[in-house]
Amino acid sequence: MAHVLEVAAPLSSRARAFLAKHARLTVVDLGPDDDMCRAAMSAALGYLDERALTLLRDIQRRYSGLTYRSPFRASEIVFEPVFEIDRDQRQISFGYAITDTAPDGCRYGFIRPDGTVWFGLFEAEAQVFPSLDHFLECDSLLDHAGRQNLRSTELPADATAHRQMLLDHHPNLRRLDRASGFCVEWWTDDDQLVYFDGLDARLAADGHDASSIPTVVRTWRLDEPIS
């Protein structure tokens, strides 16, 4: 598997252009070798998860060392996933998958063995994207949106109801699945680009239904339709 800076497919042309313009490769530590990972799994879990180990190596070959300033994280980030096991939870994760180059010790990003991307703040964690490609697509759309005309920023009390209201008023809106996730969504038609950012709301809820922080909804007027 080639590194994403060498072969970016199947990313969109927009995401490929974003990486070509903004990204670079940094040397990073790949963490423990396969035998050490297997020993850790045997000791902590009592079994070996070869699929998780294979996925980690695939992710490392494609993304490790990728470095750029992320609009989503509002900081320069580096991809350096390594094998980790939470012995208390008996759970494998790939820690440091998305890390600030100047970490603050409070927030972090990691990947589960199903490939999903999670972000954490202190002890709160939220599932955000189905894959790292989805995260890259979101960053490239945020970069694109930054060059458009921001029409509004809203903090609806009920993001689900607000989304339905938008769809009722703008029936041509379609969801951009390749850049969306579990608490982040993009919608567009020929005239506007709508972004739902619910990460902080999800982290504040910390597993509960209610959140003290609302989802942020931004809308831009488009100069040209999003493909």
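Checking ASP58, ASP49, ASP33 one by one, the residue that is out of contact with any Pro (no Cβ under 8 Å at 6 or more places or on another chain) and open to solvent by less than 60 Å² (accessible area, probe 1.4 Å) is ASP58 and no other. The set of residues in region 14-35 being assigned to a helix (DSSP H, G or I) and in contact (Cβ under 8 Å) with a residue 24 or more places away in the chain consists of ARG14, ALA15, ALA17, PHE18, LEU19, HIS22.
Here the condition is being under 30 Å from ILE92 (Cβ atoms) and touching a Ser or Thr at 6+ places or on another chain (Cβ under 6 Å); of ALA201, ALA124, ALA179, it holds for ALA201 alone.
Just to check your reading of the model, which residue among GLU125, GLU154, GLU137 is out of contact with any strand residue (DSSP E or B) (no Cβ under 6 Å at 6 or more places or on another chain) and not hydrophobic (A, V, I, L, M, F, W, C)? Lay out the reasoning, then the answer.
On the way: GLU125 fails: out of contact with any strand residue (DSSP E or B) (no Cβ under 6 Å at 6 or more places or on another chain); GLU154 fails: out of contact with any strand residue (DSSP E or B) (no Cβ under 6 Å at 6 or more places or on another chain).
So the residue among GLU125, GLU154, GLU137 that is out of contact with any strand residue (DSSP E or B) (no Cβ under 6 Å at 6 or more places or on another chain) and not hydrophobic (A, V, I, L, M, F, W, C) is GLU137.
Every condition in (1) in contact with a helix residue (DSSP H, G or I) (Cβ under 8 Å, 6 or more places away or on another chain); (2) without any contact (Cβ under 8 Å) to a residue 24 or more places away in the chain is met by ALA161 except one, and the failing one is (1). Annotation for region 103-118: at least one member residue is open to solvent by 30 Å² or more (accessible area, probe 1.4 Å), touching a residue at least 60 places away in the same chain (Cβ under 8 Å) and part of a loop (DSSP other than H, G, I, E, B). Hey, can you tell me all the residues within region 69-101 that are of a type in the set (A, V, I, L, M) and at positive phi? Within region 69-101, ALA74 is the sole residue that qualifies. In region 128-227, counting only strands (runs of 3 or more DSSP E) that sit wholly within it, the ones holding 3 or more residues that are crowded, with 16+ Cβ neighbours inside 10 Å and on the phi < 0 side of the Ramachandran plot span 184-188, 192-197, 216-221. Does GLN89 fit the bill of being open to solvent by 20 Å² or more (accessible area, probe 1.4 Å), closer than 30 Å to ASP197 by Cβ and either in contact (Cβ under 8 Å) with a residue 60 or more places away in the chain or not β-branched (Val, Ile, Thr) (or both)? Answer is yes for this residue. Residue-level analysis places PHE72 among those that are outside any helix (DSSP H, G or I), surrounded by 15 or more Cβ atoms within 10 Å (Cβ to Cβ) and touching an Asp or Glu at 6+ places or on another chain (Cβ under 7 Å).
The values are calculated or read from the model by the stated rules, or taken from the named source; none is laboratory data. Just so you know, these numbers come straight off a predicted model, no measurement behind them. Ideal geometry is used to build each Cβ from the backbone, glycine not excepted, and the neighbour counts take in all protein chains shown. The accessibility values were calculated without ligands, DNA or RNA, using every heavy atom of the protein model including side chains. Shrake-Rupley method; radii C 1.70, N 1.55, O 1.52, S 1.80 Å.
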